[in-house]
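Here, each number is a calculation from the coordinates, and none is a lab measurement. It should be emphasised that the depicted structure is a prediction, and the values quoted were computed from it without experimental measurement. Cβ: placed from backbone, ideal geometry, glycine included. Neighbour counts: every protein chain shown.
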Amino acid sequence: MFWTFIKAGISAVVIVAVAEVSGRFPRLGALLLTLPLVSILAFVMLWTKEGEMTAITRLARETLVLVPLGLPFFIPFAISSRTGLSFWPSFVLGVVLASITIGLWFWLGPTPTKP
């Protein structure tokens with residue numbers, strides 16, 4: 001249980017750091033967002049928990065497919081100056097767009113297999 005709190009603390013620090021940096025330096029914030037920080041942390045934490053590559057391999061394969069499918073989330077934010085959308089409408093529309101692309105893949109895509 002102790003390690004679960006440590007992991008949650010590390011994750012929270014990363015999220016807060018990215019948010020703080022992004023407010024002051026948007027380009028650096030964008031760079032930090034493009035780095036797979038969550039994936040890196042998840043892989044390390046999964047490795048320390050499981051100690052074998054099977055789970056990490058499956059996670060990497062699924063992530064490799066799902067990351068591009070989640071990119072439509074950013075479209076409403078990127079064009080908000082042209083559309084006049086504020087934060088919450090952009091956020092909701094982004095979630096809807098990403099949910100559609102990811103949902104379609106889960107519905108129509110291949111069934112996951114074990115490595």
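What are the ³J(HN,Hα) couplings of the range 94-100, residue after residue, when phi is run through the Karplus curve with 6.51, -1.76, 1.60 and θ = phi - 60°? Round to Hz, x for glycine and proline.
x, 4, 4, 4, 5, 5, 5
So how compact is the chain: Cα radius of gyration and Dmax in angstrom?
Gyration radius and largest Cα-Cα distance of the chain: 16.9, 49 Å.
Need the full-extension length gain, Arg24 to Ser81, defined as separation in residues times 0.36 nm minus the C-alpha distance. One decimal, nm.
18.6 nm
How much mean residue ellipticity at 222 nm does the chain get from its helices, if each DSSP H run of length 4 or more adds -39500 (n - 2.57) and you divide by all residues, to the nearest 500 deg cm²/dmol?
Result for the chain: -26000 deg cm²/dmol, rounded to the nearest 500.
Starting from the Cα-Cα distance between Ile15 and Trp3, subtract it from 0.36 nm times their residue separation and give me the gain in nm to one decimal.
2.5 nm
Could you work out the relative contact order of the chain, using alpha carbon pairs under 8 angstrom and six or more residues apart, expressed as a whole percent?
Rounded, it is 19 percent for the chain.
With each label point set 7 Å from Cα along the Cα-Cβ vector, what nm distance links Leu104 and Ile40?
Taking the simple label geometry, Leu104 and Ile40 are separated by 3.3 nm.
What is the distance, in nm, between label points placed 7 Å from the Cα along the Cα-to-Cβ direction at Thr48 and at Leu64?
About 2.6 nm separates the two model spin labels.
Give me the one-decimal nm value for the distance between modelled label points at Thr57 and Phe74, 7 Å along each residue's Cα-to-Cβ direction.
Spacing of the two 7 Å Cα→Cβ label points: 3.1 nm.
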